[in-house]
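Here the structure comes first, spelled out in structure tokens, and everything after it is commentary.
Since every read-out is calculated from the coordinates, none of them should be taken as a lab result. A quick note: this is a predicted structure, and the numbers were derived from the prediction, not measured. Quick reminder, even Gly has a Cβ in these numbers, built from the backbone with ideal geometry, and neighbours come from all protein chains shown.
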There are 2 protein chains.
Amino acid sequence: MSSSYLEATSLREEDAGPPGDNPRRKIAQLSDKVVDSNPYSRLMALKKMGVCPKYEDIRLKTVIVVGVGGVGSVASEMLVRCGVGKLLIFDYDKVELANMNRLFYTPDQCGMTKVAAARKSLSFINPDVQIEDYNYNITTVENFEHFVSRITGGGIDGGPVDLVLSCVDNFQARIAINQACNEVGQTWFESGVSEDAVSGHIQLLKPGELACFECAPPLIVASGVDEKTLKREGVCAASLPTTMGIVAGFLVQNALKYMLDFGQVSNYLGYIALKDHFPAMTLRPNPECSSAWCRKQQAAFQAKLAATPAPTAKAVVAEPAAPLHASNEWGITLGDDDDDEPVSASAQPNTSLADGIVYAHVSSEQEKPVLKSSDMVDGGGGVDLSDLMAQLKGVQS
Amino acid sequence: MSSSYLEATSLREEDAGPPGDNPRRKIAQLSDKVVDSNPYSRLMALKKMGVCPKYEDIRLKTVIVVGVGGVGSVASEMLVRCGVGKLLIFDYDKVELANMNRLFYTPDQCGMTKVAAARKSLSFINPDVQIEDYNYNITTVENFEHFVSRITGGGIDGGPVDLVLSCVDNFQARIAINQACNEVGQTWFESGVSEDAVSGHIQLLKPGELACFECAPPLIVASGVDEKTLKREGVCAASLPTTMGIVAGFLVQNALKYMLDFGQVSNYLGYIALKDHFPAMTLRPNPECSSAWCRKQQAAFQAKLAATPAPTAKAVVAEPAAPLHASNEWGITLGDDDDDEPVSASAQPNTSLADGIVYAHVSSEQEKPVLKSSDMVDGGGGVDLSDLMAQLKGVQS
């Protein structure tokens with residue numbers, strides 16, 4: 001398994017299938033021509049309508065998707081249909097009938113590796129996308145090194161990729177992605193769906209600027225319990241194509257906003273399906289993060305800020321001096337709860353906040369407080385999200 | 001085209017493809033056994049976890065999906081992967097390469113009717129689902145009558161279907177679905193995505209109890225302008241697989257909650273992608289609705305309420321006496337803005353509301369005010385959602 005990545009190539013001839021089956025030929029350049037035969041007309045319309053001024057830049061972008069299960073496979077399909085330049089997919093699982101309750105894979109693919117099945121479907125859908133597939137576990141030492149080298153050199157131009165999307169289902173893999181991205185300063189998105197299938201989230205992680213995965217670790221990670229020991233015979237996590245499709249949609253929508261520079265990118269967006277509730281917040285880095293690379297990135301970010309006295313510098317968070325309360329020992333800062341008017345951080349009165357907690361980069365209605373870890377772990381053992389929200393809300397109002 | 005529905009059958013032999021290709025055989029009964037070969041194990045886990053007490057009832061449910069384009073095809077796939085008993089799909093369009101920027105259809109299906117392509121893919125994914133496909137336009141007189149007969153007699157037991165999902169892209173079709181559902185008292189969900197691809201919504205319509213599509217018509221419908229005259233040569237609507245996948249996810253998630261009786265069903269849920277904002281509200285029927293069938297259903301609902309003096313009767317809206325303001329002439333009532341505590345409608349002070357506007361059925365944090373029509377019509381001509389929200393919020397706070 002560990003050497004299979006040596007076989008990865010850019011685009012295989014057989015990917016597109018026999019010529020008679022597929023009318024989709026490679027297209028050299030994105031066109032905005034409105035004809036039924038143009039697969040890009042509806043995307044280039046985003047440019048015409050002023051939503052995304054340079055949509056054609058999508059072809060210059062490279063995205064890594066780690067984990068092509070219920071969320072990652074759909075996220076990959078969305079990126080490919082959007083015409084992303086290059087996609088690198090990582091997984092070491094195989095397709096099973098038990099996966100058929102989620103989108104993307106089909107019963108005839110059972111037994112194939114997920115990356116091989118995904119690569120075949122994705123390149124058939126859009127042969128313009130360069131695809132690299134890696135059938136390995138990124139958490140082993142050898143594979144981890146190779147994984148890092150793909151982050152730094154896997155871009156369509158041979159440089160770093162534009163974004164890493166984490167769509168894995170375990171903490172060990174998240175920690176590995178976090179470590180890799182902290183080391184090389186790579187921006188990435190985390191995603192997760194709860195084991196009861198009815199909540200999920202996405203989270204943006206910018207090394208040094210936003211909390212890393214270890215800054216505010218889920219209880220199970222902080223406590224050092226091996227997550228594998230929690231699995232029980234005859235019991236499996238629930239999953240739904242709806243929840244996973246929605247989380248994949250949030251993930252790729254925000255990836256598009258981030259890469260193509262339009263709209264507001266969410267730092268954290270949750271989805272509570274039973275109530276159609278969407279918590280949002282911003283998590284700042286923990287100065288005492290257990291990751292030395294994270295602390296290094298924080299110092300670099302602060303140094304960069306100090307060197308460039310921009311008008312927004314005033315809004316940047318100072319190192320949190322005191323915890324908000326016992327459940328918030330990681331220096332989480334709160335945004336504004338107003339739904340309509342953007343708030344200038346410097347003009348925002350701090351009277352209602354505890355000492356050491358300051359507003360930071362508050363600029364949209366999405367900044368509502370909530371902790372992140374509880375909707376990713378199993379329903380039983382985690383922090384109760386509603387309780388925490390009520391507490392945080394009490395502090396804010 | 002109008003007679004093609006005569007060819008529809010329940011499940012064709014050839015749908016599942018040659019036996020060698022597909023390991024998925026028909027399964028007589030949903031099992032919760034945790035093995036890789038069970039396509040229902042992750043769904044039945046919802047039952048084990050207490051999320052959905054009777055998940056197996058999904059097999060008794062029948063859903064109609066009108067329009068299997070960017071939203072309807074994904075919604076259909078989600079329903080099929082969830083193991084719905086029976087699905088009836090309606091469309092009269094063909095697959096084109098220009099559809100490839102959305103999920104579901106593949107390039108080899110170009111030229112096929114959407115219903116034939118969808119039926120083939122869906123029954124390959126899950127041969128347990130009974131599928132009827134109708135390649136016709138429901139708005140012609142003859143087809144409309146047949147469409148109504150499928151609502152009342154298309155259920156898996158020969159009775160009415162459980163739910164109709166509208167996934168069409170024009171107002172004429174929405175009006176036809178509205179008329180059909182008002183006539184026969186069928187509950188349905190409306191859905192829509194804006195022409196600039198970055199917003200969308202779903203809406204629950206219960207004849208007599210909630211606003212129908214004509215109770216608060218979009219300006220273009222109210223003004224009598226033929227929507228076809230607004231199309232311009234060389235210009236097409238933008239679309240994104242992300243937005244459409246998310247709207248399909250919201251639609252089917254709420255359909256599952258409604259049919260299987262778990263969680264809270266949203267009466268209206270919007271999605272504003274650029275800000276990750278999710279407006280929610282409840283629209284009550286307009287006593288002066290232009291649809292006579294709607295007024296009849298309203299009278300029947302009120303009579304039913306009067307005959308059953310339930311504890312919640314106090315919370316039911318009285319007929320709105322005066323409009324909120326010029327933009328709100330349809331008797332829209334406002335919900336509560338609090339994110340955490342359910343509010344008893346009868347205990348809610350009305351001091352901040354204008355005369356004639358009363359709280360109704362307020363019971364969750366999802367009830368936030370917003371008008372519905374502007375994010376469904378083209379970006380230019382509609383009501384401005386932000387303005388209306390600001391106005392409504394002003395009234396409420």
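Here is how the numbers come out for the structure above:
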item	result
Computed FRET value (nearest 0.05) for B:Lys296 with B:Asn170, which takes r as the C-beta separation and R₀ as 41 Å	0.95
Normalised alpha carbon radius of gyration of region A:207-316 [divisor 2.2 N^0.38 Å]	1.38
Sum of side-chain charges, B:Val168 neighbourhood, beta-carbon under 11 Å (Lys, Arg +1; Asp, Glu -1)	-3
Ascending list, in nanometres, of distances separating the A:Ser31 label from those of the other copies (7 Å, Cα toward Cβ)	5.3
Distance violations [Cα-Cα > 25 Å] among A:Lys47/B:Lys275; A:Lys61/A:Lys120; A:Lys26/A:Lys47; A:Lys94/A:Lys206; B:Lys120/B:Lys206	A:Lys94/A:Lys206; B:Lys120/B:Lys206
Spread of Cα-to-Cα distances over 10 Å intervals beginning at zero, given as percent, for region A:146-276	11, 38, 36, 13, 1
Ascending list, in nanometres, of distances separating the B:Leu305 label from those of the other copies (7 Å, Cα toward Cβ)	5.3
Cut-off 12 Å between beta-carbons: net charge of the residues surrounding B:Lys94, Lys and Arg +1, Asp and Glu -1	-3
Per-copy distances of the A:Arg59 label point, shortest first, in nm (7 angstrom along Cα→Cβ)	5.1
Region B:104-163-region A:30-58 distance, computed between alpha-carbon centres (Å)	31
Label-point separation, B:Thr152 to B:Val184 (7 Å along Cα→Cβ), nm	0.7
A:Thr140-A:Ile27 FRET efficiency (beta carbon distance; Förster radius 56 Å; 0.05 resolution)	0.90
Separation in nanometres of the label points that stand 7 Å from Cα toward Cβ, at A:Lys228 and B:Leu219	6.2
Cα-derived Rg over Rh, computed across region A:135-221 with Rh taken as Kirkwood radius	0.97
Two-decimal ratio, region B:64-205, of alpha-carbon radius of gyration to 2.2 N^0.38 Å	0.99
Per-q log10 I(q)/I(0), region B:91-153, q = 0.16, 0.19, 0.25 Å⁻¹ (Debye; single scatterer per alpha-carbon; no solvent)	-0.62, -0.81, -1.04
Stretch gain in nm, segment A:Val35-A:Lys304, where the contour uses 0.36 nm per residue and the Cα spacing is subtracted	92.0 nm
